[in-house]
Amino acid sequence: MEMIPLPQISVGAIAPELTLVAAAMIILMLEVFTISKGRDNLAYVALAAVGVAGYLVIESLGSPMTTFSKMYVVDDFSGFIKLVCLLGAGMTILMSVKYTRDEGIDGGEYYSLLLFATTGMFFMVSGADLITIFLGLETMSISLYALAGYARGRLASNEASIKYFILGALSSAFMLYGMSMIYGAAGVTNLHEIARIIGQNKENIHLVMLGGGLVLIGFAFKISAVPFHMWTPDVYQGAPTPITAFMSAGPKAAAFAAFIRVFSDALISLQYQWWIIVWILAVLTMTVGNLIALSQENIKRMFAYSSIAHAGYILVGFTAGGKLGESAMLFYLLIYTFMNIGAFAIVAIVGQQGEERTSVSDFAGLGYRHPLLGLAMVALLFSLAGIPPTAGFWGKYYLFTAALDQGYVWLAILAALNSVIAVFYYLRVIVVMYMREEKGESLPQNAFPASIVVVILVAIYGSVLLGITPGGYLALAASSSLAH
Amino acid sequence: MNQYIPVLLMFAAGAGVAVAMLGLSELLGPKLRFREKMEPFECGENQVVSPKRRFSVRFYLIAMMFIIFDIEAVFLFPWAVVFQSLGLFGFVEMMIFILVLAVGLVYVWKKGALEWE
């Protein structure tokens with residue numbers, strides 16, 4: 001009997017993903033076999049898996065390899081983004097422990113969906129093939145649709161889930177249609193091969209452009225770039241706060257990573273066509289996000305628009321491209337994860353049970369009632385606003401200098417103007433915290449479990465100390481960029 | 001592009017025939033219109049119940065699980081055909097695939113999603 005030749009595979013390359021999937025399945029089994037006792041422990045199983053996966057990712061840094069018939073690539077670029085995703089997942093798990101217990105939604109499914117979503121992100125960032133990227137994107141998205149509606153009893157959460165699902169499915173359709181056109185023109189789905197074939201053969205270039213445009217729409221939806229941002233405010237506001245924090249960090253980083261890989265690898269020969277589109281997207285995203293954030297009364301909604309604006313800043317780095325632009329994007333994605341999840345952790349604390357206190361005015365007098373919590377919020381908001389010497393400032397600085405370096409002077413000016421607008425709505429929260437008359441009562445003593453304090457401390461470390469000594473992380477980001 | 005022109009013509013011819021048939025029967029055919037006949041539901045009979053009924057969510061759960069195991073069968077048949085030429089690797093790979101689905105089955109079973117009451 002003749003043996004069927006099997007492709008060369010390296011299981012070691014996907015060891016972090018295997019860890020996450022195995023842990024997700026173990027958590028599901030623990031959930032159904034250990035009934036209601038020790039539910040909190042499931043969070044720590046998930047956290048341990050995130051830790052092990054992180055260790056395995058760090059081990060794989062510096063030794064790039066391509067495996068699974070060139071569909072899967074492990075390099076420093078994917079490693080860096082994977083660490084950002086794991087950081088987001090780990091912080092989310094920690095801040096979920098108390099939240100899910102309070103809301104009565106504690107269960108193994110919650111944590112296993114988080115791990116499955118993280119696995120999807122891993123496959124997205126490591127995908128060297130359109131099919132792998134799409135599969136990873138769907139694994140991530142479907143888990144997120146379920147997580148957005150996880151607070152089943154709350155109408156807003158249901159609404160968030162349905163909206164996210166319908167619009168997400170639409171954007172996936174766009175992306176898949178675009179991919180099929182690129183495949184139709186090039187005849188392959190491997191990113192390197194696509195670049196090689198369309199670089200040599202210009203015959204089907206219009207089909208590739210159309211396909212590339214549709215794929216761009218799919219990615220723009222996932223990173224919530226204007227005008228594909230409509231889902232973001234409703235979903236961010238309605239989803240459980242830890243899930244909102246999670247969605248704003250990891251999935252965005254993963255979508256950016258796949259975006260970079262597809263456009264600066266497979267479609268590099270069309271660079272002169274797509275950079276202007278990304279330029280416009282960046283300006284629109286920053287401006288619309290910041291302007292609408294000014295008038296928001298609900299703090300989760302305000303952070304949703306702020307996250308749209310931040311996607312715009314990152315697109316500035318994408319427009320600039322090259323080693324400088326890419327490493328600035330990677331660095332910004334890292335610190336954005338720290339500061340945004342930290343801010344959402346504080347929103348979750350103040351929101352209390354049922355998320356009833358999520359308007360900006362609920363923060364009135366917080367700086368006096370809980371000085372340390374107020375101080376932490378100030379630090380995180382300063383970082384989000386990009387006030388020196390926080391990490392947020394340096395992140396923006398590197399992004400904008402990358403744009404200047406490539407000669408995009410207007411883009412850098414518009415980005416700088418936008419960060420001035422943003423200062424207004426971040427400072428408004430601080431003004432409310434310290435200068436508005438105190439009306440609410442203090443938070444209960446049990447509002448500050450160790451798990452969430454750890455999240456806030458990590459966030460403060462990332463958004464303040466990383467600004468003062470960014471050296472190591474910046475070097476890591478620089479060595480992780482795809483461009484050389 | 002030229003090789004696609006016959007396909008385009010085919011589309012046009014197909015659409016033309018369909019439109020012509022519907023249009024001609026609308027123009028020439030005898031018509032008797034009354035309220036029941038215009039109802040989309042039950043085709044000319046008086047409506048007995050509203051078409052907007054609620055279905056138990058269990059139908060969807062069962063349908064979803066059916067699809068999952070249906071797809072498993074789709075993978076199992078070709079695997080069984082070339083089982084020997086795939087060797088040990090193919091066996092282990094498929095066992096892992098089945099294990100993943102089995103975990104899902106155990107989960108829905110223990111959660112009570114398979115009980116009709």
Can you tell me which residues in region A:1-20 are within 14 Å of another protein chain (Cβ to nearest Cβ), buried (at least 19 other Cβ atoms within 10 Å of the Cβ) and not charged (D, E, K, R)? A:ILE14, A:LEU20
Here are some residues: A:TYR44, A:TYR72, A:TYR99. Which one is among the aromatic types (Phe, Trp, Tyr), more than 21 Å from A:ILE341 (Cα to Cα) and away from chain B (no Cβ under 14 Å)? A:TYR72
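Quick grid of which residues meet (1) more than 20 Å from A:LEU28 (Cβ to Cβ); (2) out of contact with any Cys (no Cβ under 7 Å at 6 or more places or on another chain); (3) surrounded by fewer than 24 Cβ atoms within 10 Å (Cβ to Cβ):
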{"site": "A:LEU87", "(1), (2), (3)": "yes, yes, yes"}
{"site": "A:ALA117", "(1), (2), (3)": "no, yes, no"}
{"site": "A:ALA128", "(1), (2), (3)": "yes, yes, no"}
{"site": "A:MET140", "(1), (2), (3)": "no, yes, no"}
Would you mind stating whether A:LEU86 is within 20 Å of the chain's Cα centre (by Cα), in contact (Cβ under 8 Å) with a residue 12 or more places away in the chain and farther than 30 Å from A:PRO444 by Cα? yes
Set A:ALA403, A:ALA348: member being closer than 25 Å to A:THR469 by Cα, touching a residue at least 40 places away in the same chain (Cβ under 8 Å) and aliphatic (A, V, I, L, M): A:ALA403
Residue, surrounded by the most Cβ atoms within 10 Å (Cβ to Cβ), within region B:58-86, restricted to residues that are assigned to a helix (DSSP H, G or I) and within 13 Å of another protein chain (Cβ to nearest Cβ): B:LEU86
Conditions (1) touching a residue at least 12 places away in the same chain (Cβ under 8 Å); (2) in a helix (DSSP H, G or I); (3) more than 14 Å from every other protein chain (Cβ to nearest Cβ) -> A:ILE26 fails only (3)
Go through (1) away from chain B (no Cβ under 14 Å); (2) surrounded by 24 or more Cβ atoms within 10 Å (Cβ to Cβ) one by one and return the number of the condition A:ARG39 breaks. (2)
Log entry, pairs with first residue in region A:366-379 being farther than 18 Å from A:GLN352 by Cα, second being small (Gly, Ala, Ser) and buried (at least 20 other Cβ atoms within 10 Å of the Cβ), beta carbons closer than 8 Å, six or more apart or on different chains, reads A:LEU375/A:GLY367; A:VAL378/A:GLY367; A:ALA379/A:SER463
Taking A:TYR55 and the conditions (1) at pLDDT below 95; (2) away from chain B (no Cβ under 14 Å); (3) surrounded by fewer than 19 Cβ atoms within 10 Å (Cβ to Cβ), which numbered condition does it fall short on, given that it satisfies the others? (1)
If we keep just the residues of region A:181-233 that are within 26 Å of the chain's Cα centre (by Cα) and small (Gly, Ala, Ser), which is surrounded by the fewest Cβ atoms within 10 Å (Cβ to Cβ)? A:GLY213
Residue that is farthest from the other protein chains (Cβ to nearest Cβ) [pool: residues in region B:87-111 that are at pLDDT 85 or above and farther than 19 Å from A:MET25 by Cβ]: B:PHE91
Only residues that are in contact with a Lys or Arg (Cβ under 9 Å, 6 or more places away or on another chain) and surrounded by 16 or more Cβ atoms within 10 Å (Cβ to Cβ): list them for region A:417-438, please. A:SER419
Options A:VAL45, A:VAL11, A:VAL21; residue that is β-branched (Val, Ile, Thr) and over 26 Å from B:GLY90 (Cβ atoms): A:VAL45
Go through A:THR118, A:THR100, A:THR66 for me and flag whichever is of a type in the set (S, T, N, Q) and either part of a loop (DSSP other than H, G, I, E, B) or within 21 Å of the chain's Cα centre (by Cα) (or both). A:THR118
Subset of region A:345-387 that is within 22 Å of A:SER307 (Cβ to Cβ) and in a loop (DSSP other than H, G, I, E, B) - its residue that is farthest from the chain's Cα centre (by Cα): A:ARG357
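The values are calculated or read from the model by the stated rules, or taken from the named source; none is laboratory data. Worth saying up front: this structure is predicted, and the values here are computed from it rather than measured. Neighbour counts run over all protein chains shown; Cβ positions are idealised from the backbone, glycine included.
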